[in-house]
Amino acid sequence: MSTHLIAGLGNPGPKYAGNRHNVGFMVVDELARRWGAPSFRDKFKGEFTKVEVAGKVVVLLKPMTYMNLSGESVQQAMRFFKVPLARVLTVHDELDLSFGVVRLKVGGGTAGHNGLRSMVEHCGGSDFDRCRVGIGRPERGRPESYVLSDFSSLERAELGDVLELAGDMVETAVREDTRTAMNRHHGPS
């Protein structure tokens, strides 16, 4: 039975819980709820749980290292569960997509995202799948401050739908594969 690792990126603690940068944690929590996963446990410098989906073992991981060191946690979980980079999918916030837009991607660069950069450094390259959850760019001010701010009240009203969409896309990627999920969920561009 193959093992897949889904790592939602974010920052630990209540201070960051509602931040745009923590949307990866939110999607992993949605998947854990949806799949009836056991409670998260502390290990691998993070919190993880394990569940079976469509005959595959799926490890859900929330690194607790802070975003910039996410790769340390992911690499430990990969090594422990013997998951190759090709079966790792990370869920992260994406400035280059408008709020509400969710896109899957196979491999690629880091686009200045420090969590992705840490994963590339620690996990053996950039050939992992990504679920990019759009947060948009700030109208003014620095992106660093924006990603560490909470979703607006208008965004929060729609956030549940966005998390559900991301969950649907990741679930299709797990049950079938990422390219099938891209074809099914992205629609014509």
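The values are calculated or read from the model by the stated rules, or taken from the named source; none is laboratory data. None of the values given here were measured: they were computed from a predicted structure. Positions of Cβ are backbone-derived with ideal geometry, glycine not excepted, and every protein chain shown enters the neighbour counts.
Things to note:
- Verdict on Pro84 being over 19 Å from Ala32 (Cα atoms) and either modelled with pLDDT under 95 or hydrophobic (A, V, I, L, M, F, W, C) (or both): no
- For segment 102-113, the count of residues that are in contact (Cβ under 8 Å) with a residue 24 or more places away in the chain and more than 16 Å from Thr178 (Cα to Cα) is zero.
- Only one of Gly10, Gly36 that is modelled with pLDDT of 95 or more, small (Gly, Ala, Ser), within 24 Å of His122 (Cα to Cα) and assigned to a loop (DSSP other than H, G, I, E, B): Gly10
- Residue satisfying condition, being crowded, with 23+ Cβ neighbours inside 10 Å, out of contact with any Asp or Glu (no Cβ under 7 Å at 6 or more places or on another chain), under 20 Å from Glu164 (Cα atoms) and of a type outside the set (S, T, N, Q), within set Gly8, Gly36: Gly8
- Subset of segment 39-58 [assigned to a loop (DSSP other than H, G, I, E, B) and either in contact (Cβ under 8 Å) with a residue 24 or more places away in the chain or surrounded by 15 or more Cβ atoms within 10 Å (Cβ to Cβ) (or both)]: Phe40, Phe44, Lys45, Ala54, Gly55
- Any hit, segment 132-148, residues being farther than 18 Å from His21 by Cα and in contact with a helix residue (DSSP H, G or I) (Cβ under 8 Å, 6 or more places away or on another chain): no
- Tallying residues that are within 16 Å of the chain's Cα centre (by Cα) and either of a type in the set (A, V, I, L, M) or on the phi > 0 side of the Ramachandran plot (or both) within segment 132-147 yields 3.
- Here Asp129, Asp96 are screened, and the one residue that is modelled with pLDDT under 95 and within 16 Å of the chain's Cα centre (by Cα) is Asp96.
- Meets criteria (modelled with pLDDT under 95 and either closer than 19 Å to Arg34 by Cβ or under 16 Å from the mean Cα position of the chain (by Cα) (or both)) for Ala111: yes
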